[in-house]
Amino acid sequence: MSEVLLTLSPYIKVALPVPMRTLFDYKVPKAIALRHELKPGMRVKVPFGKSSRLGVIVALSDHSEWDPEQIKPLTSLHDKSPVISAELMALCEWAARYYHHPIGDVIFHALPVLLRKGENAEFRTENWWFTTEKGRATSLEQLSRAPRQQDFLKAVQQHPNGLSQHAASVLDLAPSAAKVLEEKGLLRKEPRSFNKGGEKHAHQTQVPPTLNVEQMRATEHLLDYRNQFHVALLDGVTGSGKTEVFLRVMERLIEEGKQILVMVPEIGLTPQTLKRFEIRFNTDIVLMHSNMSDRERLDAWLLAASGHAKIIIGTRSAAFIPAPNLGLIVIDEEHDTSYKQHEGFRYHARDLAIKRAQALDIPVLLASATPSYESLTNALQKRFAWLKLRQRAGNAHIPVMERVDLRGKTLVHGFSEQALASMKLCLERKEQVLVFLNRRGYAPTLMCHQCGWIAACDHCDVNLTVHKRANKLHCHHCDAQKALIHTCPECQSEALFTVGEGTEQIETQLSTLFKDTPILRIDRDSTQRKSAMAKLTQKIHEHDQAILIGTQMLAKGHHFPNVTLVIIMDADAGLFSSDFRGMERTAQLITQVAGRAGRAKKPGHVLLQTYHPDHAAIECLCNLGYEHFAIDGLAERKSLSLPPFYHQVIVRAESGNEQEAMQLLSAMRNDLEPFFAKDVYLVGPYTAIIVRKAGQHRALISIKAAQRAPLHQATQMMSNWLEQSTKQHRIRFAIDVDPLETY
Ligand code: ADP
Ligand code: ZN
Ligand code: ZN
């Protein structure tokens, strides 16, 4: 009897989640080859070292460069079909090369956590309840002594097509009651595959507003280019109706059977955003963000992969979501730095999305009121289409920006007289004030009056932040926490005092200044719990007059129609930063926060408190606006050969030992520099601004070049060198391509 092999190749190349920049070869045992057709993207169990690991097949191969005797057979096949499509596999391979990151880690990053752990790529099953014939015949009065059973039966009777476990819990029905009803023969249960699609409520779809001329022009442009690779920058002032434009384009693409990926910044994903999509589209929408459970994320992933979900709204990691009919990628607030992963696999979701769209031949829409300098440069150089919206939509007006000179003035809790007077008037008009201070906690420093001791982190070279509410000292760099102390550990004095102000302190002080006004604080501390943000926004909408105080979280995408006054407490923060991106970030933050004012019918006013009212940057931003500011900033970047005109890579080494990291990078520079192309420039090694973080001493080398090719060559050499040299040491290294941090 002849045997037919379903897998012809004798070897597979497998990606494993290990920090090695290589694939691993395994043999395909005949027993598996006879029964299964192995394909790239399927998961396999393989022996690795003394244990076994889950890996992903990247390729099938007829030969291996290793001695065939030494190649081990794979243990078992995990999937019936690939969990990584060919399209995503190609994207992962590109990303591993571009970011010089281990391919196994990239591929595992692209998968939902449960799939990394070996869960089957299947929807979870869920019980559905149905009435039996007896259950249908039973009148509810017969159960009047068992109200929970009565409620449950009533609900199932009202759902002739079955009631899901999920729906039952939403309706607050007792599961124990269902069990009794089942025992009585009134209900039967049936496990069904979980699929949100089955339970969709029909939403009333809202009649969209009539587009203004600018919106119309942008929409038409995007529709013209909807069937090809095309990157458009939708550069529109806050409240200019950017969202409305992409909703319009999405509408058409959904009619045409396409799926759309909408990317939002990590904390910008508000219930408000989702609501807006749900109201507009009567179609399946899935979310993908870090506040969901692993199971919820897998279900969302499956709905997208099956093509059921037409709209996928997600944060950074959604760049890797499978979507067989993907027709458009929207990146909202494209300038937001949360699109860049700051540790491990340091990819930029925007850049990855553009690469993905190019491979799929579909358009990308980048939206922002304050485009990144990178995207603006691409628009100026005509690689991206530049669609501008310079009017606010509807009847809203652009807010007026005014500088408040703090020099020589008496301040009350950090507020100028003018700011306090404006707040009072605003509240009297029953409108809302937004106070912006980009520093959470009560105070950034705790100090001893007697001896000058300062509370510092044991693991990092930074001071601890005082959190009075939580009664803690907290390191904002490594997350270390300890109880707030009231006696100096050096001199035992009780004269400890705080220096500087954070949002928590401003909140306390404002509540004494404005006694009867609701004061709502929005920062990472006040929004930690799952639905806290939703509750806060609801409160904001409930009140007429209120003071909102918050950090940059407040700057992101929120629509507070009754906010008419914005106070930027410290416009100078970031003005003299050592980071060459400091100005760009400051301008983006100020413009975004200012954009929260007067978004509805009432006009908005913005006060910037500054000790440098004549500083060219602040003047330019107030009088000429972000675009002008950015174009000036770009000219300066160009003259200094900085990104985006030069491309940059930062290599970081970290060690528990002070010298080791510096020595390693010096040795690397000595060994490799002679081999680098002439136009690759190196700086370093130098120590990080915060030298020690989480107990690790950090050294850096920065390299830059006008062209990507020589830079990548050099990076490749460094990555090989470091991988070899750190095998024996306990030094960790990281490569950051297109870094956004200066470290
Ligand atoms: P952006 O995304 O630029 O901040 P939005 O799309 O959120 O702006 O629009 C701001 C507000 O204006 C929203 O409440 C939106 O419904 C409304 N809006 C948008 N376009 C129009 C229009 N053409 N006419 C009237 N209102 C509009
Ligand atoms: Zn002391
Ligand atoms: Zn720390």
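For the range 374-381, indicate whether the set of residues that are at pLDDT 95 or above and farther than 26 Å from Leu91 by Cβ is non-empty.
yes
Does the range 20-38 contain at least one residue that is free of Cβ contacts under 8 Å to residues at least 24 places away in the same chain, among the small types (Gly, Ala, Ser) and either out of contact with any Gly (no Cβ under 8 Å at 6 or more places or on another chain) or farther than 27 Å from Ala305 by Cβ (or both)?
Yes, the range 20-38 has at least one match.
Name the single residue, out of those in the range 461-506 being within 31 Å of the chain's Cα centre (by Cα), outside any loop (DSSP other than H, G, I, E, B) and among the aliphatic types (A, V, I, L, M), that is farthest from Val412 (Cα to Cα).
Ala483
Please tell me if Ala555 is of a type outside the set (Lys, Arg), within 16 Å of ligand 1 (Cβ to nearest atom) and at pLDDT below 90.
yes
Would you check if Leu60 is over 29 Å from the mean Cα position of the chain (by Cα), farther than 18 Å from Ala121 by Cα and surrounded by fewer than 17 Cβ atoms within 10 Å (Cβ to Cβ)?
No.
I'd like to check something: does the range 365-373 contain any residue that is more than 18 Å from Glu627 (Cβ to Cβ) and either surrounded by 23 or more Cβ atoms within 10 Å (Cβ to Cβ) or within 16 Å of ligand 3 (Cβ to nearest atom) (or both)?
yes
Suppose we filter Arg521, Arg469, Arg529 for residues that are away from ligand 2 (no atom under 16 Å from the Cβ), under 30 Å from Gln272 (Cα atoms), crowded, with 19+ Cβ neighbours inside 10 Å and not hydrophobic (A, V, I, L, M, F, W, C); which single one remains?
Arg521
Have a look at Val462, Val499, Val466 and point out the one that is touching a Ser or Thr at 6+ places or on another chain (Cβ under 7 Å), within 16 Å of ligand 3 (Cβ to nearest atom) and of a type outside the set (S, T, N, Q).
Result of the check over Val462, Val499, Val466: Val466.
Given the criteria exposed (fewer than 15 other Cβ atoms within 10 Å of the Cβ), polar (S, T, N, Q) and modelled with pLDDT of 90 or more, does Gln492 qualify?
Criteria met by Gln492.
Taking Trp386 as meeting all but one of (1) within 16 Å of ligand 1 (Cβ to nearest atom); (2) part of a loop (DSSP other than H, G, I, E, B), write down the number of the exception.
(2)
Considering the range 693-715 alone, what residues qualify as being out of contact with any Lys or Arg (no Cβ under 9 Å at 6 or more places or on another chain) and over 24 Å from His476 (Cα atoms)?
Once the filter is applied, which keeps residues that are out of contact with any Lys or Arg (no Cβ under 9 Å at 6 or more places or on another chain) and over 24 Å from His476 (Cα atoms), the range 693-715 yields Ser702, Ile703, Lys704, Ala705, Ala706, Gln707, Arg708, Ala709, Gln713, Ala714, Thr715.
Could you grab the pairs with beta carbons closer than 8 Å, sequence gap of 6+ or different chains, first residue in the range 483-505 and under 18 Å from Arg524 (Cβ atoms), second one within 16 Å of ligand 1 (Cβ to nearest atom)?
none
For the range 427-451, enumerate the residues that are among the hydrophobic types (A, V, I, L, M, F, W, C), more than 16 Å from ligand 2 (Cβ to nearest atom) and buried (at least 22 other Cβ atoms within 10 Å of the Cβ).
Within the range 427-451, Val433, Leu434, Val435, Phe436, Leu437 qualify.
Please work out which one of (1) surrounded by fewer than 18 Cβ atoms within 10 Å (Cβ to Cβ); (2) in contact (Cβ under 8 Å) with a residue 12 or more places away in the chain; (3) in a helix (DSSP H, G or I); (4) not hydroxyl-bearing (Ser, Thr, Tyr) is the condition Gln538 fails and give its number.
(2)
Scan the range 498-514 and give yes if some residue there is within 30 Å of Gly695 (Cβ to Cβ) and surrounded by fewer than 18 Cβ atoms within 10 Å (Cβ to Cβ), otherwise no.
Yes, there is a match, as at least one residue in the range 498-514 is within 30 Å of Gly695 (Cβ to Cβ) and surrounded by fewer than 18 Cβ atoms within 10 Å (Cβ to Cβ).
Give the residues of the range 415-456 that are within 16 Å of ligand 3 (Cβ to nearest atom), in contact (Cβ under 8 Å) with a residue 12 or more places away in the chain and among the β-branched types (Val, Ile, Thr), sorted by residue number.
Passing the criteria: only Thr445.
Check Val245, Val231 and return the single one that is more than 16 Å from ligand 2 (Cβ to nearest atom), of a type outside the set (D, E, K, R), in contact (Cβ under 8 Å) with a residue 40 or more places away in the chain and under 11 Å from Ala367 (Cβ atoms).
From the options Val245, Val231, the qualifying one is Val245.
Out of the range 390-426, which residues are of a type in the set (Val, Ile, Thr) and surrounded by 14 or more Cβ atoms within 10 Å (Cβ to Cβ)?
Matches in the range 390-426: Ile398, Val400, Val404.
Within the range 565-600, track down each residue that is surrounded by fewer than 20 Cβ atoms within 10 Å (Cβ to Cβ) and within 16 Å of ligand 1 (Cβ to nearest atom).
Ala600
The values are calculated or read from the model by the stated rules, or taken from the named source; none is laboratory data. Since this is a predicted model, take the numbers as computed values, not measurements. Cβ coordinates were reconstructed from backbone atoms using ideal geometry, including for glycine residues, and neighbour counts include every protein chain displayed.
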